[in-house]
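Worksheet: the structure to be examined is printed underneath.
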Amino acid sequence: MKIKAIIHPAEEGGYWAEVPALPGCITEGDTMEELLINLKDAIEGWLEVANNAHSIESNAQVVEIAV
């Protein structure tokens, strides 16, 4: 899966990033390398919470789709 993020320079130094497709998914880092590591963690965490936020009815099916 590929998700686009927007990276901004932070006023106090370093960088911060937001993921427009995942509302509220933001992170920061002192270096670009640190930011990218934090960004991956933030996206994975956001998706995990979103996937677990819904209760499943007994007659429903869960499928996983790779995109």
Looking at (1) surrounded by 15 or more Cβ atoms within 10 Å (Cβ to Cβ); (2) among the aliphatic types (A, V, I, L, M); (3) within 10 Å of the chain's Cα centre (by Cα), which is the one condition that is false for Leu36? (3)
With (1) at pLDDT 90 or above; (2) surrounded by fewer than 10 Cβ atoms within 10 Å (Cβ to Cβ) as the list, and Gly29 as the residue in question, which single condition is left unmet? (2)
Note on Val67: of the conditions (1) touching a residue at least 40 places away in the same chain (Cβ under 8 Å); (2) part of a loop (DSSP other than H, G, I, E, B); (3) surrounded by 14 or more Cβ atoms within 10 Å (Cβ to Cβ), unmet is (3)
In segment 1-57, residues that are in a helix (DSSP H, G or I) and among the charged types (D, E, K, R) total 6
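Given the criterion on the phi < 0 side of the Ramachandran plot and at pLDDT below 95, identify the matching residue among Lys40, Lys2.
Values: Lys40 fails: at pLDDT below 95.
Criteria check complete, one pass: Lys2.
The values are calculated or read from the model by the stated rules, or taken from the named source; none is laboratory data. These figures come from a predicted structure and were not determined experimentally. Note that each Cβ is placed from the backbone with ideal geometry, even for glycine, and that neighbours are counted across all protein chains shown.
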